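S.K.: Encoded as structure tokens, here's the structure I'll be asking about.
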Amino acid sequence: MKYSENALNILAAKSYRGIGNAWIVRNLKGNESVERIVSLLNKAAKEPPTTVEKFERLKERLKQELLDKFERYCDGIVAVGDPDFPEHRGSVKDSERPVLLYYKGNLSLLRSSNINITVIGLLNPEDDIKKRERKIVREFINKGATIVSGLALGCDSVAHEESLNSNGYTIAILPSPLDNILPASNRKLAAQIVEAGGLLISEYEREFRNKMELFSRYKERDRLQALFCDAIVLVASYAEDSAERWNLGGKKLDSGARLAMKYAESYKIPRVVMYDENTDENNPMFDLNRKLIKEAKGKITIINRDNALETIDKIINRIRSAKEQGKQEMLFN
């Protein structure tokens, strides 16, 4: 398993109470001595002062735990300050920036030079929605994009599967550690992604303690889906008030796509929705799509049956042009 001394330093620092992502982003750049890190921790951590010797022992213990647990499941750990740590897209506050990733597969797919398109949506899409999603994914793959999603059931699975069927690359961002992939029913799909040259990534080395923590991890996974893409595509999703509007009996509806699209808007990541007003107007599965189109007032891209190929071509060309010119802001206007 690959890791740097910097990654071990950051892993150890994160274990101190009061040390979060924002502190690490602001204080650790990858070239600090252990003495410097310990000095910084003693000023910020909410626990008794530590020493260089204690910090080194902590690092050694964490390294051994990682090797014992992850050697079969994880290719490596990469941390902010490492040369190969992926650069996020968009504008994000320090507390939401990733600082440590566990990975299996081709980490280079997260490079900022790569064109990554996140595709998200419902857990239970209708067959027609799946068919239309497959066409969109296939066309992005044909244009050289890598597809990013969250390995969930429904639209996420369709995005990964169609990427593989189209001989493309895909990245799965997980809410669980690499040795216990969720959902369990998609573990075979996860293995296929890696075998085909794709990538699995996670921010977690341990299991969640309770349902509240798991929910928080899903939210954090949704933010990474926005941060590691050049555009995010919403296939279909309910809105917050869909159950009430359509008399769905208080049924709990998907929220992940809503969160990911909110993060994308916050980070100024270009947003795209699949929607055809001729067929989707009275389908509750497109409530969020309609809501976003209305709120965006022309500042969101719409893909329908008639314009899919042309629109995807424009999206890819704009991303490629912005990357070639080194002007990320071109994507956000």
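Conditions (1) part of a helix (DSSP H, G or I); (2) closer than 30 Å to K93 by Cβ; (3) out of contact with any Cys (no Cβ under 6 Å at 6 or more places or on another chain), marked per residue:
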position	(1), (2), (3)
M261	yes, yes, yes
I269	no, yes, yes
N282	no, no, yes
M285	yes, no, yes
R290	yes, yes, yes
I312	yes, no, yes
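S.K.: Continuing with this model, one more query. Determine whether N317 is modelled with pLDDT of 90 or more and assigned to a loop (DSSP other than H, G, I, E, B).
M.R.: Criteria not met by N317.
S.K.: So which helices (runs of 4 or more DSSP H) are wholly in region 2-89 and hold at least 3 residues that are closer than 25 Å to A190 by Cα?
M.R.: Here the list reads 52-70.
S.K.: If you scan region 222-280, which residues turn out to be aromatic (F, W, Y) and open to solvent by 10 Å² or more (accessible area, probe 1.4 Å)?
M.R.: Result: Y238, W246, Y263, Y275.
S.K.: A further question follows. Out of all the residues in region 138-152, is one or more part of a strand (DSSP E or B), under 28 Å from N9 (Cα atoms) and not hydroxyl-bearing (S, T, Y)?
M.R.: Scanning region 138-152 turns up no residue that is part of a strand (DSSP E or B), under 28 Å from N9 (Cα atoms) and not hydroxyl-bearing (S, T, Y).
S.K.: Let me ask you something else. Quick one: is I302 touching a residue at least 12 places away in the same chain (Cβ under 8 Å), over 22 Å from R138 (Cβ atoms) and not in a loop (DSSP other than H, G, I, E, B)?
M.R.: no
S.K.: Right, something else. Quick one: L67 ticks every box in (1) under 30 Å from L182 (Cα atoms); (2) free of Cβ contacts under 8 Å to residues at least 40 places away in the same chain; (3) open to solvent by 30 Å² or more (accessible area, probe 1.4 Å); (4) out of contact with any Asp or Glu (no Cβ under 9 Å at 6 or more places or on another chain) except a single one, so which number is it?
M.R.: Checking L67 against (1) under 30 Å from L182 (Cα atoms); (2) free of Cβ contacts under 8 Å to residues at least 40 places away in the same chain; (3) open to solvent by 30 Å² or more (accessible area, probe 1.4 Å); (4) out of contact with any Asp or Glu (no Cβ under 9 Å at 6 or more places or on another chain), the one that fails is (2).
The values are calculated or read from the model by the stated rules, or taken from the named source; none is laboratory data. Remember, predicted model here, so these are calculated numbers, not experimental data. FYI the Cβ positions are ideal-geometry reconstructions off the backbone, even for glycines, and counts take in every protein chain you see. Just so you know, the surface numbers come from the protein's heavy atoms only, side chains and all, with ligands and any DNA or RNA stripped out. Shrake-Rupley method; radii C 1.70, N 1.55, O 1.52, S 1.80 Å.
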